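Okay, so here's the structure we're looking at.
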There are 2 protein chains.
Amino acid sequence: MTEQKVDTPKPILYTYFRSSCSGRIRAALNLKGIPYEPRYVNLLTEEQNSEEHLKLNPNGKVPVLIIDGLQLTQSMAILEYLEETRPEPALLPSRSDPARRAVVRSISDIIAADVQPVQNLGVLRRLPADGRKPWGRWVVDNGFRAVEAILQKSAGRYCVGDQVTFADICVYGQMWNALRYEVDMKEYPILAGVYERLLELDAFRDALWINQEDCPAEQRQHS
Amino acid sequence: MTEQKVDTPKPILYTYFRSSCSGRIRAALNLKGIPYEPRYVNLLTEEQNSEEHLKLNPNGKVPVLIIDGLQLTQSMAILEYLEETRPEPALLPSRSDPARRAVVRSISDIIAADVQPVQNLGVLRRLPADGRKPWGRWVVDNGFRAVEAILQKSAGRYCVGDQVTFADICVYGQMWNALRYEVDMKEYPILAGVYERLLELDAFRDALWINQEDCPAEQRQHS
């Protein structure tokens, strides 16, 4: 990480290519047309727990977004902040439809709370090496089963109707690990279809782990 | 669980006494003065995975809130819904202060994403019996360390200034397991103080696990 001033006109995003939570914010900034400067934090070499990074985020995680003179942490809190301060294009249904907003947030929270944190790098490292992939698959399957059931009623082109929302942003990042754990996506045809359609959008393609500058060339070749 | 109609004037809360996510919604309903009818779901006997409950929540979890003819799931999505539809008393800072709302949501998400789901019953059951308490303590310590650092700047009487917010609601429920895992709360004096002050409020006292009808008498005596 290089030095930076907190108060800067162009938002700075502390990010790691493989981090799905970073991917959520990369996608959201792209969708809202907010240019940003990426700063790379290597989770494998524990840069997230450096003294310097802990000053930005005492939780020792990415993403951190420096915007409007603020240091914002926790990806779902950042999404809500962006939606409140840059409402267009909207990534939540209109305020006049709180029921639909609740469906979006419910799908998002299944991924953001019940799936992602239970299979992230910090947790996997506490497990025996040969138990990591089955654990990851178990966690993702539980979450995706629930999301797929909700999508049977809610989905259109995307998770909730035809609007790209927080729910899609969360599903999108989680898919990277689902594929890594070899989750059988034939079990989740609606989810798989949504992911395919998201990847047709520049905002999501550009935010993919494989398209980040901190993604090592060798991992790009093997994907 | 007993039979119920989805469309009912008095909200119904599917809850389990020890579930901190249920506790969040019990507290929020109390704080907002919304009377509700509790329906008890015993997580130890896997009622949450019964066919009947999966119809209410395909994610097989509590809480589920039946309100306004809707079936709402995921506690953070429910909190946002309640705030959008019953704004008084407010459990988030005013919309004119998105930065402060972001601090509240950031603290909330540390608990709701990085702590609670990583040490819940479903996860602990996958671990060797003698590894459960150390795992729980490790997870809570990581989260509480981050929250305590944020509270050094944000706290007043409660987590963010003198207003009770989502952040307090999340901290409140997590304290139950922190105490169970014998987390050393002397390490987190601001958090400990906030919890003490929350318990001075009827809304939080009434929502405590020990004050629920489904709490077995024997557990009450031993607490």
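Read-outs throughout are calculated quantities, based only on the coordinates presented, and are distinct from any laboratory measurement. Quantities reported herein were computed from a predicted structural model and do not represent experimental measurements. Cβ coordinates were reconstructed from backbone atoms using ideal geometry, including for glycine residues, and neighbour counts include every protein chain displayed.
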| note | Sorting from shortest, the nanometre distances separating the label point of residue B:210 (7 Å past Cα along the line to Cβ) from those of the same residue in the other copies are 5.6
| message | Taking 8 Å as the Cα distance limit and 6 or more residues as the minimum spacing, I'd like the relative contact order of segment B:135-191 as a percentage. | response | 47
| query | With r defined as the distance between the Cβ atoms of residue A:96 and residue B:94 and R0 fixed at 22 Å, what FRET efficiency is calculated, to the nearest 0.05? | reply | 0.65
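Let me spell out the model: positive unit charges on the Cβ of Lys and Arg, negative unit charges on the Cβ of Asp and Glu, origin at the Cα centre of segment B:127-223. What dipole size does that give, in debye rounded to 20?
Charge dipole, segment B:127-223, about its Cα centre: 300 debye, nearest 20.
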| Distance between modelled label sites at residue A:200 and residue B:51, nm, 7 Å Cα→Cβ extension | 3.8
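About its Cα centre, what dipole magnitude does segment B:1-137 give when the only charges are +1 on Lys and Arg Cβ and -1 on Asp and Glu Cβ, stated in debye to the nearest 20?
So the dipole magnitude of segment B:1-137 works out to roughly 480 debye.
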| task | Only bridges with both residues in segment A:1-137 count here: give the DSSP antiparallel percent, nearest 5. | result | 65
| request: Under 1.5 on a/c is rounded, so check that first for segment A:163-221, then, if it is not, pick prolate when a/b is larger than b/c and oblate when it is not; a ≥ b ≥ c are the square roots of the alpha carbon gyration tensor eigenvalues. | output: oblate
| message | Using Stokes-Einstein with the Kirkwood hydrodynamic radius over Cα pairs, what translational diffusion coefficient do you get for segment B:1-89 at 20 °C and a viscosity of 1.002 mPa s, in µm²/s rounded to a whole number? | response | 165
| query | At residue B:90, with labels set 7 Å past Cα in the Cβ direction, how many nm apart are the copies from this one, shortest first? | reply | 2.1
| task | With only Lys, Arg, Asp and Glu charged, each at its Cβ (+1 for the first two, -1 for the last two), find how big the charge dipole of segment A:66-115 is about the Cα centre; round to the nearest 20 debye. | result | 140
| said: Give me the tail of P(r) for segment B:93-217 as a percent: Cα-Cα pairs with distance above 16 Å. | reply: 62
| remark: Ranking B:122, B:139, B:42 by how far each Cα lies towards the positive end of the charge dipole of segment B:35-143 (+1 on Lys and Arg Cβ, -1 on Asp and Glu Cβ), the top one is B:139
| query | Could you give, in nm with one decimal, how far residue B:128 is from each other copy of that position, shortest first, with labels 7 Å out from Cα toward Cβ? | reply | 0.8
| Hey, got a sec? Which GluC sites (Glu not before Pro) in segment A:144-200 land in a DSSP loop and have at most 13 other Cβ atoms within 10 Å? | A:182, A:200
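Please give the contour-minus-distance gain from residue A:68 to residue A:34: 0.36 nm per residue of separation, less the Cα-Cα distance, rounded to one decimal in nm.
11.0 nm
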| field | Sum of -39500 (n - 2.57) over DSSP H runs of 4+, divided by residues of chain A (222 nm, nearest 500) | value | -14000 deg cm²/dmol
| request: Considering Cα pairs under 8 angstrom that are at least six residues apart, work out the relative contact order of chain B and quote it in whole percent. | output: 24
| message | From the mean inverse distance of alpha carbon pairs (Kirkwood) and the Cα radius of gyration, derive Rg over Rh for the protein assembly as shown. | response | 0.93
| message | My understanding is that a pair violates if its Cα-Cα distance is over 32 Å; which of B:32/B:153; A:133/B:133; A:61/A:133 do that in this structure? | response | none
